[in-house]
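S.K.: Please find one structure pasted underneath; my questions will follow.
The values are calculated or read from the model by the stated rules, or taken from the named source; none is laboratory data. The structure displayed is predicted, hence computed values, not measured ones. For neighbour counting, all protein chains shown are included, and Cβ atoms are generated from backbone atoms with ideal geometry for every residue, glycine included. Ligands, DNA and RNA are excluded from the accessible area calculation, which covers all protein heavy atoms including side chains. Shrake-Rupley method; radii C 1.70, N 1.55, O 1.52, S 1.80 Å.
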Amino acid sequence: LGGALQYFTFICPDISYAVQQVCLHMHNPREPHLTALKRILRYVRGTLYFGIHIQRAPCTDLVVYSDADWAGCPDTRKSTFGYAVFLGDSLVSWSSKWQNTVSRSSAEAEYRAVANAVAEASWIRQLLELHTLLLKATPVYCDNVNVVYLSFNPVQHQRTKHVEIDLHFVWEKVHVGAIRVLHVPTSCQYADIFTKGLPTPVFTEFRSSLTACPPYDVV
């Protein structure tokens, strides 16, 4: 069931985090994991008519939101990161994954998340440039001010020496004008839905922002 739900996340980004958390325990499942899986299935049954809506929009700029939940796993203290990529008003790419290593600071976890988001944005930019030349830099929004500063000035210090490759990778994209890393308040950080469980009102709001809604909600 967990493996089947992984395929379902291709059209339902709102369950990406929950499915990712369940799949972490597929090798050694216990009763609580089955309970969580059943809860996901109940949610899916209640939102069968929800889907991602791709709409024509006058603006076709590429915009990315990136976030990480630092040391969110109580067992391993590994972080979960996620990103959401919009082309105009339409969500075209998203991800919710576990970071492979333990981050020693929130800045490190957030910067690793931004680096993954920048890599995804760079790949999509290359695809789009097969059709048209992109003149604007792609904004990548994160809610960590330190990450924004480091993207422009990759100074090495104790908190960031473990992400040196990511530092230079992001800085290079910023330096050539392809990417801009900008700050966004946590209340507007849509990628938050991919990194942690959210209160129902916030989850519902972010789900709508990801254009995951019933057909009759489309304007």
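S.K.: Could you list, in sequence order, all residues of the stretch 25-70 that are aliphatic (A, V, I, L, M), touching a residue at least 12 places away in the same chain (Cβ under 8 Å) and not in a loop (DSSP other than H, G, I, E, B)? Step through it out loud before you land on a result.
M.R.: The initial filter retains those residues of the stretch 25-70 that are aliphatic (A, V, I, L, M), namely 26, 34, 36-37, 40-41, 44, 48, 52, 54, 57, 62-64, 68.
Narrowing further to those that are touching a residue at least 12 places away in the same chain (Cβ under 8 Å): 26, 36-37, 40-41, 44, 52, 54, 57, 62-64, 68.
Once the filter is applied, which keeps residues that are aliphatic (A, V, I, L, M), touching a residue at least 12 places away in the same chain (Cβ under 8 Å) and not in a loop (DSSP other than H, G, I, E, B), the stretch 25-70 yields 36, 37, 40, 41, 44, 52, 62, 63, 64, 68.
S.K.: Given the criterion among the charged types (D, E, K, R), open to solvent by less than 70 Å² (accessible area, probe 1.4 Å) and within 12 Å of the chain's Cα centre (by Cα), identify the matching residue among 143, 61, 69.
M.R.: Answer to the selection: 69.
S.K.: Open to solvent by 40 Å² or more (accessible area, probe 1.4 Å) and among the small types (Gly, Ala, Ser): which single residue out of 106, 122, 90 fits that description?
M.R.: Among 106, 122, 90, only 106 is open to solvent by 40 Å² or more (accessible area, probe 1.4 Å) and among the small types (Gly, Ala, Ser).
S.K.: A further question on this structure: Does residue 102 fit the bill of being touching a strand residue (DSSP E or B) at 6+ places or on another chain (Cβ under 6 Å) and among the β-branched types (Val, Ile, Thr)?
M.R.: Spelling it out, it is not the case that residue 102 is touching a strand residue (DSSP E or B) at 6+ places or on another chain (Cβ under 6 Å) and among the β-branched types (Val, Ile, Thr).
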